[in-house]
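Encoded as C-alpha cells, the structure appears first; notes follow it.
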6 protein chains.
Amino acid sequence: MTEFVRSGARAAHSLRPVRITRNYTIHAEGSVLIEFGATRVLCTASVEERVPPHKRGSGEGWVTAEYGMLPRATHTRSDREAARGKQSGRTQEIQRLIGRSLRAVFDLKKLGERTIQLDCDVIQADGGTRTAAITGAFVAAQDAVNGLLKAGKITETPITAAVAAISVGLVQGTPLLDLEYTEDSACDTDMNVVMTGAGHFVEVQGTAEGVAFTRAEMDQLLGLAEKGISELMVLQQQSLSK
Amino acid sequence: MTEFVRSGARAAHSLRPVRITRNYTIHAEGSVLIEFGATRVLCTASVEERVPPHKRGSGEGWVTAEYGMLPRATHTRSDREAARGKQSGRTQEIQRLIGRSLRAVFDLKKLGERTIQLDCDVIQADGGTRTAAITGAFVAAQDAVNGLLKAGKITETPITAAVAAISVGLVQGTPLLDLEYTEDSACDTDMNVVMTGAGHFVEVQGTAEGVAFTRAEMDQLLGLAEKGISELMVLQQQSLSK
Amino acid sequence: MTEFVRSGARAAHSLRPVRITRNYTIHAEGSVLIEFGATRVLCTASVEERVPPHKRGSGEGWVTAEYGMLPRATHTRSDREAARGKQSGRTQEIQRLIGRSLRAVFDLKKLGERTIQLDCDVIQADGGTRTAAITGAFVAAQDAVNGLLKAGKITETPITAAVAAISVGLVQGTPLLDLEYTEDSACDTDMNVVMTGAGHFVEVQGTAEGVAFTRAEMDQLLGLAEKGISELMVLQQQSLSK
Amino acid sequence: MTEFVRSGARAAHSLRPVRITRNYTIHAEGSVLIEFGATRVLCTASVEERVPPHKRGSGEGWVTAEYGMLPRATHTRSDREAARGKQSGRTQEIQRLIGRSLRAVFDLKKLGERTIQLDCDVIQADGGTRTAAITGAFVAAQDAVNGLLKAGKITETPITAAVAAISVGLVQGTPLLDLEYTEDSACDTDMNVVMTGAGHFVEVQGTAEGVAFTRAEMDQLLGLAEKGISELMVLQQQSLSK
Amino acid sequence: MTEFVRSGARAAHSLRPVRITRNYTIHAEGSVLIEFGATRVLCTASVEERVPPHKRGSGEGWVTAEYGMLPRATHTRSDREAARGKQSGRTQEIQRLIGRSLRAVFDLKKLGERTIQLDCDVIQADGGTRTAAITGAFVAAQDAVNGLLKAGKITETPITAAVAAISVGLVQGTPLLDLEYTEDSACDTDMNVVMTGAGHFVEVQGTAEGVAFTRAEMDQLLGLAEKGISELMVLQQQSLSK
Amino acid sequence: MTEFVRSGARAAHSLRPVRITRNYTIHAEGSVLIEFGATRVLCTASVEERVPPHKRGSGEGWVTAEYGMLPRATHTRSDREAARGKQSGRTQEIQRLIGRSLRAVFDLKKLGERTIQLDCDVIQADGGTRTAAITGAFVAAQDAVNGLLKAGKITETPITAAVAAISVGLVQGTPLLDLEYTEDSACDTDMNVVMTGAGHFVEVQGTAEGVAFTRAEMDQLLGLAEKGISELMVLQQQSLSK
C-alpha cells in the first residue's frame, strides 16, 4: 500500500498553516478570525449581563456557543438554516460540542452571573471547522475575559486553562493530522480531539466512517492529536501576547 | 480516597442485569425490548421498500434511526418533543449516533434499494439509554433482515458483523462499567463506546463533565468498555438463537 | 344480510380481554399499562406543583392530557410527530378529549394549585386507543391522587366519580362493542362514548364514516356502550383494590 | 327552578334569525355569508383541478375544509394563528368536522379527480360558528357543483343529500336550540349535531362542560336538534332556489 | 402609443368608488369596512391595556398592525397562512408598513401605556389592499381613540393628523391613480404613497416591475398620489362625521 | 439651526470610503466583500442549473437573494435567526428588495433555465447594509455571469445594466448621503434608492421615522442619491476591470 499524498506536499503529521487574527470585527468583546488553511471561521465572544433560567440566582455564570455556516462557505451552496426554519442535527451537535469544550476551562463561579456567548460562523469551509471554531473561540473568550478584568467587573480570571482542538483521521491506512475536506471525505476514521493546556482530554469523538478501527490505530491518532493541539496552543498564546 | 459504592453492591466492572425480549410488539419487522437494569428501550425495525432521495437509483439501501423518550420515562416529566414542535439537540445527536452505528455493520448494496428504519423509544430511563438503544436496535435489525431473507427479498445477509455499545465513566476516580443515572450525574468523565463483533471501534465519544481526563484513564475506560461489549454480544446471540 | 363475524369468535356485545397493570414504570406518580386486546397504551400521571397561567392564583388545580403513538405502534410505520415538528389534528383532538373526560370527574378546587398531567402513549395499536387511554388514565390519576392523600398534600379526594370510555360501531349493520382496527376500518358508524360511574355521559362522539345513521341505530349503540363501560368500571375497581 | 330566559325573548326551541347570502364575494366558485343571529361566517368553495396525494389516480375527487377566525371576531382579541405559526387544536378539530360533514353527502367518484376546498372564516362570533360554517358551506358547495355541471365538467351531481348542523345545549336544566355565546359559556352540556336531508345523523358530538348528562337529556337534545336542522334545510333550499 | 383604457371607462386620475362603513362588526373598539372598488378590507382597532416589552414602564403606548388575506379573496385560492405555519414575506412587509404609517400620526405619550392593535383582513382583493388597509385603519383607530376619550381614559387625542394611502403606477406609459388588479399586474412601475393630513409624506415606495422609471415619471406619479390622497381624506372625514 | 456634524468630518454629500474585494472566498461563482466604511457585507453569487417551480419549462432563469446578519455584526448581539427558527420581517423585506433590484437588470430569457442565488451576509454592520448588499451583489452576479460566458453556457450576457443602491436621509434638517448607524438612528427621514446604470430608478423607499417629509425635501434627497449612486457605479466598474 502506498502512502496517501497530501495536497501541497504536507506531511502526515503537519498542521495546515494556522492564522489567528484578533479584533477582526469591532463590536464584539472578543472577535477572532481563525484560519486552518482554507478553512476560515469567525469566532466572536459577547458578554451579556444575564444568565439563562437554570443559572439565575446561582451566583454562577454561563458559557455557551452557537455555530453557523454561510450558505456558500461550501463547494456547493447549502440551504440557509434561517430560511429553512431550523438548525440541522449536525449544527446542533457542533455547537453543543463547542459549548462543552469552552465550559471545561471555565470556573463559572468566578465569572459571576453573566454569560459569554460564543458565535462561530464559518466564512469558508475546507474541513475541520469545528476544531478551528473551538480553538478560535478560546482566544475570543480570553479577550472577553480580559475586558471584564480591565473593567473591574471581575477581579480574578475564570479561565482555568487553555483549550484547543484538532481533527485526526485514517486515510488509506495513514494517520493524518488536521484533515482538509477531501481527506475528510475519503477517510475511514475521523476523530475530533479537544484538550486542555494541561494535556488532558476534554472530548474525544472518534467515528468509523468506513472500516471500524483498532485500539492500536486509536492510540496512533490520539498521539497525533496531542502533538497538533500542543502546537495550536503555542499559536494561541503568541496571538494573545501581541 | 475511598472507592465509590454502587447500588445493589454491583462491582465496578459489572453490567446491570440485561434482558432482551424479541417480538415485543406485533406490527414491526423487528421489535425488541431491551433492559439495562431499570433502563427500558423499545427498539423496532421497519422495512420500507423505498430509499431517501440521496440513495434513489443507487442500487443501495439505507439504514437510519430515530430516538425518543416518553415524557415520564424520567424522574421528573420532560416536555413532549412533538408538542414543543422540535427535537432537542440531544435527541438528534443520539439518533444520528444510532444510525451511524448500525450502518457500520451493514453492506448497503446487499440490502437492495430499501430502508431499515430503527425507532428507539425509551419507556423508562435510568442511564445508558443510547447504548441500550444501539444494542437492542441491532437485534431488531437482525430480525428484520431474517424476515427479508425468509421472504426471498434478499439472498445474502447485508449484516457484516454484530454491533453493541456500552457507557463507561470515572466516578470519584473509579472507572465504572455501564453507568446508571445517579452515577452518570456524578461522573467526571463519561464515555460511550460502540464496537463490532470483530472487536473494533465504531464510535468512541468521551466527554469530561468535570475534570479533564488523562490518557491513562482513557485506556482504563476503553478496556472496561471492551469487556462489557463482549458480554453484551453474547447476550445478543443468545437472544437471537432462541 | 349475514351477521358480521368477529375475530376470535368474539360476541358482538363483548369487550376484548382487558388488562390493567399498575406501577408499570417506576418514576411516575401513577403508571398504568392498559390493554384492550392487542391495543396497549401506557398512561402515566405526573403531579406538578404549579398550574398553567389561566389558573394561577385561583386556588384551583388543573388536569390535562397529552397523547402520542410510537411510530411503529401501527401496521405500517407512521411519521414521528416530534420529527415532523407538529402534532396532527387527530392527535390534538384525542388529547383534548382525554383531558376533558378526566376533568369531568375532578373537583379542581379540592386538587389545590397543582397539575395532574396525563401522558397516554400508544405502544401497540389495534383500534380503540383513545378509549383505552381514558380508561387507563383514570386509574393512573387515582394512583396519583392516592399519593397526594398519603403525603398529606390534600385531605380530601378531588375525584368525584370514576370515568371510562369505549367505542361502539355499526359494521355491516351489526352493532359491535369495542371495535378493533379491522372493524373500525370497515364500519359505517363509529361512536366513542365516555361515561361516569353514576352512569351519566361525559362525551358522545358519533361519526358516520360511510352511511349516515338513524336515531334507532344510535340508541342501540348507546345501549351497547353503557354495557361495556359498566364492565370496564368493574375492572378499574378490581385493579385499584389490589 | 325557574326557566332560563334567552336574549330577545327567544323561545327555547327557536333558531336565531338565519340569513344566507349567496355570491357574497366575486372570485370563488361558491361564496356564501351565513348569519345565525350575530354570528357571521363567510364560506367559500374553491374548485381545484387536482387532488391530494392519497387520491391521485383513483378517479375520485376530494372535499376538504379549513376554518379560521378573524382576530377581532371575538369579544376580546384572540391571537392571529398565522402570526403564532400554528392552528390551535380547536381550529383543527372544527375544520376536520366540517370536512367530514361535507364529504358525508358527496359521492367522490362522481366529482371526478378534482378538489372542492371549503374555507369557512368567521367574521363575527356569537356562538355556533362551526354549525353555521357547515350549514353555509353546503350552500357554497352546491353553487360550486352547479358551476361544474353548467360548464359540462361533470354530468351528474356528486351531491347525494343536503347537510346542515346546529348546536343544542342544557342551560340551567333547560334544553335550548342554537346557543349564542353567553348561553354556550353557561351551559352544562353542549351538543353539535350534523344531519342529512334524509333525517339521518352524520355527527353527534355531545360534551358535558359541567355536570354529566343523562340518556333522557340526550334524547331531548337530539329532538331539538332534529327540529332546528329541518328548519335550516328549508332556508338552504329557499336560498338556493333564488 | 395609444392610451391605456381603464375598466368602467375610469379616468386615469380617478379613484375607484370608495366606501367606508363604520361599526361593521360589533366587538372591536373600531371596526371599518373599506372598499376601493371591488377591494374590500375589514379594519378593526382593538385597545389593549398593556404594551409590548420594549415600551413597558415608558409611559408611552404602542400602535401596531397585522394584515391577512382570506384564502379566496383572490382570483385563485392562496394557501392559508395559519395552515402553512408562517406569514409570507409579502404579508410581513405590508403589516410593517401599516404599523409605521399609523404610528406616524400618533403621539405615543398621549396614548398612555396601552396598545392599539390594528387588524386589516382582506375579504376581497382587486388591487390596492395595503393602501385601502391604511386608509381604513386610520378611521378605525380614530373610533378607538374617540372611545378612550369618551371613557375618560385619555383627556387629549394622541392623533396628530389624518393618514391615508394610495397606489399609483405607470401602465403602458400612462400614469394611473389607484390601480386595480389587472392594472397592477400590467404596470411597469408601481408606487404606494402614504401621506398625512398636512400634505407631507410618511412613506413612498416605488418599484420598477418592468422598465426602470425616470425622475420625471416619478414626479408625475407623486402628483397623482397627492391628488388621490387628498380626496381620500375628505371621505375619511365625511365618514367620521356621520 | 446648526448643521449636523458627521463623524470623521465627512461632508454631507460624501460617501464613506467604499472598498470592493472580488474573489473574497474560493467556492462561489462570484464572491465579493463590499465595505461602506465600517459596514462589511459578503455577497456571493451561486449558479444552480435548475429553477424554482414557477419558472420550470419556461426557458427563463431566475435571480433571487437571501440576506442574513451574523449575530454579533451589531453593537449588541442579536438572536441568530436559524436558532429562533424564522427570519424576521426586516430580513425578509431586505432580501426581497435585493432580489427585485438585481432582477431589474437581468434579461431572464438570456440567462437560460438556471438560477443565480445571491447571498448577502453582513459581517459587520454600521448602517446601509441593504444598499451595500445590492451594490456588492451586482459585482458578484457579474462575476458569475462572466463565468457562464467563459464556460460557453451562455453566449450573450443577460445583464442589461449596472445596478447600485445608496441610503440618504434628513438628520436635523440636513440631507445626508450614505447614513452610518448613528445617523440612521437619529434621522427623521430615511430613504433607500436603487438605480440602474442608465440613471433610472428601480426602487425608491422613503420612510418618515420622525416628522413626515415634504416634496422639496424628497427632491433634495433624490438628487443626493443620484450623485452617490453614480459614484458607486464608477467603483463597481473599476473593481470589475481589475
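Observations on the structure shown:
- Annotation for region E:1-69: GluC sites (Glu not before Pro) lying in DSSP loop with at most 14 further Cβ atoms inside 10 Å of their Cβ are E:GLU3, E:GLU49.
- Per residue, chain C reaches -10000 deg cm²/dmol at 222 nm when only DSSP H runs of four or more residues are counted, each adding -39500 (n - 2.57).
- Expressed as a fraction of 2.2 N^0.38 Å, the value expected for a compact globular protein of N residues, the C-alpha radius of gyration of the protein assembly as shown is 0.99.
- Counting DSSP beta bridges with both ends in region D:1-124, the antiparallel % (nearest 5): 70 percent
- ³J(HN,Hα) computed for each position of region B:211-227 - Karplus, 6.51 cos²θ - 1.76 cosθ + 1.60, integer Hz, glycine/proline x: 7, 5, 10, 8, 4, 5, 5, 4, 4, 4, 5, 5, x, 4, 5, 4, 4
- Choice from D:THR39, D:THR214, D:THR196 with maximal GNM fluctuation in chain D (Cα, 10 Å cutoff): D:THR214
- Percent antiparallel among DSSP beta bridges (both partners in region A:53-205, rounded to 5): 70 percent
- Sum of side-chain charges, C:GLY89 neighbourhood, beta-carbon under 13 Å (Lys, Arg +1; Asp, Glu -1): +4
- Fraction of beta bridges assigned by DSSP in the protein assembly as shown that are antiparallel (%, nearest 5): 85 percent
- Lysine pair count for region D:18-241 [Cα-Cα under 18 Å; pairs on different chains or 8 or more apart]: 5
- Inter-copy spacing of C:LYS109 label points, which lie 7 Å from Cα along Cα→Cβ, given in nm from shortest upward: 5.0, 5.0, 6.0, 7.6, 8.0
- Measuring from each Cβ of chain B to the axis that turns chain B onto chain E, the shortest distance belongs to B:GLY85, 5 (residue, then whole Å).
- 3J(HN,Hα) from dihedral phi, region B:44-52, Karplus parametrisation 6.51/-1.76/1.60, rounded to Hz, x for glycine, proline: 10, 10, 10, 9, 10, 7, 7, 10, x
- Shielding by partners - mean other protein chain Cβ count within 10 Å, residues of B:189-195: 2
- When Rg and Dmax are taken over the Cα atoms of chain F, they come to 18.0, 61 Å.
- Near A:LYS227: Cβ cut-off under 15 Å, other residues only, Lys/Arg at +1 and Asp/Glu at -1. The net charge is -1.
- Pair-distance profile P(r), taking every C-alpha pair of region F:1-119, with 10 angstrom steps and integer %: 11, 30, 33, 18, 6, 1, 0
- Net charge contributed by nearby residues that have their C-beta within less than 15 Å of A:GLY57 (K/R +1, D/E -1): +2
- Taking B:ALA38, B:ALA140, B:ALA151 in turn, the Gaussian network model of chain B (Cα-Cα springs below 10 Å) assigns the largest fluctuation to B:ALA151.
- For F:ARG84, the point set 7 Å out from Cα toward Cβ sits 2.0, 2.0, 2.0, 2.0, 2.8 nm from its twins in the other copies, listed from shortest up.
- Under a Gaussian network description of chain C, with springs only between Cα atoms under 10 Å, the residue in C:GLY61, C:GLY210, C:GLY173 that fluctuates furthest is C:GLY210.
- Put simply, the amide H of B:TRP62, placed in the peptide plane, has neighbours under 5 Å in B:ARG114, B:THR115, B:ILE116, leaving out anything fewer than 5 places away on its chain.
- Mean Cα-pair separation over length for region B:18-241, i.e. relative contact order, pairs under 8 Å, 6 or more apart, %: 21 percent
- Those aspartates and glutamates that a straight Cα-Cα span of less than 14 Å connects to E:LYS242, excepting residues fewer than 8 apart in one chain: E:ASP143
- J(HN,Hα) series, region C:129-145, from Karplus relation 6.51 cos²θ - 1.76 cosθ + 1.60, nearest Hz, glycine and proline x: 5, 6, 6, 4, 4, 5, 5, x, 4, 4, 5, 5, 5, 5, 4, 5, 5
- For B:ALA11, the label point sits 7 Å beyond Cα toward Cβ; its separations from the matching points on the remaining copies run 4.7, 5.9, 8.9, 8.9, 10.4 nm, from shortest to longest.
Computed from the coordinates by the stated procedures, all read-outs in this text should not be read as laboratory data. No experiment lies behind these values; they were computed from the predicted model shown. Backbone-built Cβ (ideal geometry, glycine too); neighbour counts: all protein chains shown.
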